[in-house]
Number of protein chains: 2
Amino acid sequence: MDWVSHAQAELRGAGYRPGAAARLVLEHLDREDCCRGAQEIFDALSTGGTKVGLASVYRMLERLDERGLVQRIDLGDGIVRYEAARDAGHHHHLVCGACGKVEPFADRRLERAIEAVEERSGYSVVAHDVVLRGACANCRD
Amino acid sequence: MDWVSHAQAELRGAGYRPGAAARLVLEHLDREDCCRGAQEIFDALSTGGTKVGLASVYRMLERLDERGLVQRIDLGDGIVRYEAARDAGHHHHLVCGACGKVEPFADRRLERAIEAVEERSGYSVVAHDVVLRGACANCRD
DNA sequence: TGGTCGACGATAACGATTCTCGTTATCGTC
DNA sequence: GACGATAACGAGAATCGTTATCGTCGACCA
């Protein structure tokens, strides 16, 4: 089952009734390969000719986040980004402070270290974020 | 040399002329053991009877962050927090989504894993943040 | 001591996000 | 297939953390 259908089913199971706006947001997230902000999604859908309210985009993202269907990413620039959460694609982000570029990275050893901390913490951890900031290969020197 | 004097000297060296407001903010940060938001610092200083403008608090935090004198912490709730950066005290945060409690933790293995990623990344990494979200021992059940 | 220039504080402006509310779509039921 | 309850939707206002502006005050240098 593809992610869009899975997310819709999940929402329905939670008592929601996803409609046209929900579908458009889900399909957009499914199409994108990296994290996107609410305004960015709104602009893309608007430019694409489809008509979705900004409030609906925020509503969807909030609900998807609550259910763990998207990963919420805060790079510290005041814009919260989201991306479709598929188990296979768990990763974190490198941010270039000079040009603003965002790149994903994944590391098994880092994940294991985090899991070990989670176990020792006494918390029931549901999510973890790692952001590395610096200058990318082009901007450093 | 204590952190307040060190920070003041650093600012002076950068061409700034720290005055009364700067000193009050620095002393407050030095006194606090965990991360604080700008409004929170402003309120604390106001309640304490001292008079500092909110803009001055933001100005100070920005300058301190630029120079690496404070660690900027974004827990994803729309409030940016800061804490005095002392080499000895490098740590990350556990956030309880239910009661809002924030606890620091430190882990050598996690740091080593992050350093390894930094080296392989091609980036010149200047900072890294790790935030674990979940339910604390009291709120889980 | 006077002059220059940045620090300071009050307040307006800004922008991402959230709220409100009237309208429209969905879904179980008949 | 129509009905009614209720949630989704879109537009715009409101919220709130943060940033910019500006006149005044204080720190430092000659």
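Just so you know, all these numbers are worked out from the coordinates, no wet-lab data involved. Not measured: the values here are computed from a predicted model. Here the Cβ positions follow ideal geometry from the backbone for every residue, glycine too, while neighbour counts run over all protein chains shown.
For chain B, can you list the cysteines whose C-beta has no other cysteine C-beta under 4.7 Å from it?
Isolated Cys, chain B: B:34, B:35, B:99, B:139.
Would you pull out the residues with amide H under 5 Å of residue A:16's amide H, same chain only if 5 or more places away, H placed 1.01 Å from N?
Amide H neighbours of residue A:16, under 5 Å, 5+ apart: none.
Give, rounded to the nearest 20 debye, the magnitude of the charge dipole that segment B:1-87 has about its Cα centre when Lys and Arg contribute +1 at Cβ and Asp and Glu contribute -1 at Cβ.
420
Inter-copy label distances at residue A:124, 7 Å along the Cα→beta-carbon direction, one decimal in nm, shortest first?
Computed spacing set for this position: 4.6 nm.
Considering every residue in B:64-74, what mean count of other chain Cβ atoms within 10 Å of its Cβ is obtained?
For peptide B:64-74, the averaged partner shielding equals 1.
What ³J(HN,Hα) values, in whole Hz, does the Karplus curve 6.51 cos²θ - 1.76 cosθ + 1.60 give for segment B:53-65 when θ = phi - 60°, with x put for Gly and Pro?
Result, ordered by residue: x, 4, 4, 5, 4, 4, 4, 4, 4, 5, 5, 5, 5 Hz.
Averaged over peptide B:92-99, how many Cβ atoms belonging to another chain are found within 10 Å of each residue's Cβ?
For this peptide, the per-residue mean of nearby foreign Cβ atoms is 3.
So for segment B:13-141, averaging the separation of alpha carbon pairs under 8 Å that are six or more residues apart and normalising by length, what relative contact order in percent results?
20
Could you bin all the Cα-Cα distances of the protein assembly as shown into 10 Å bins starting at 0 and give me the percent of pairs in each, rounded to whole numbers?
Result, from short to long distances: 6, 24, 31, 25, 12, 3, 0 percent.
Within 10 Å of each candidate Cβ there may be at most 15 other Cβ atoms; applying that plus a DSSP loop requirement, which trypsin sites (Lys or Arg not before Pro) in segment A:1-101 survive?
When the trypsin sites (Lys or Arg not before Pro) of segment A:1-101 are filtered for loop state and at most 15 Cβ neighbours within 10 Å, A:51, A:67, A:86, A:101 remain.
Over segment B:90-141, what relative contact order in percent results from Cα pairs under 8 Å that are six or more residues apart?
Result for segment B:90-141 is 51 percent.
Tell me the angle of helix A:20-31 to the major Cα principal axis of chain A, expressed in degrees between 0 and 90 and rounded to the nearest ten.
Orientation of helix A:20-31: about 30 degrees from the principal axis.
Amide H of residue A:105: which non-local residues (sequence gap of 5 or more, or other chain) have their own amide H closer than 5 Å, using H built in the peptide plane?
A:92, A:93, A:94
Under a Cβ-Cβ cut-off of 12 Å, what is the net charge of the residues other than residue B:44 that fall near it, where Lys and Arg count +1 and Asp and Glu count -1?
That works out to -2.
In degrees from 0 to 90, rounded to the nearest 10, what is the angle of the helix A:3-13 Cα long axis to the longest principal axis of chain A?
Taking Cα atoms only, the helix is inclined about 70 degrees.
State the three equivalent ellipsoid semi-axes of segment B:1-87, derived from the C-alpha gyration tensor as the square roots of 5 times its eigenvalues, in descending order and whole Å.
Gyration-tensor ellipsoid for segment B:1-87: 18, 16, 12 Å.
Give me Rg over Rh for segment B:90-141, both radii from the alpha carbons and Rh done the Kirkwood way, two decimal places.
1.11
May I ask for the angle, rounded to the nearest 10°, between helix B:38-47 and the longest principal axis of chain B, with both axes built from Cα atoms and the value confined to 0 to 90°?
The angle comes out near 50 degrees.
Under the definition of partner shielding as Cβ atoms of other protein chains within 10 Å of a residue Cβ, what is the mean value for peptide B:106-117?
Across B:106-117, the average partner-chain Cβ count within 10 Å equals 5.
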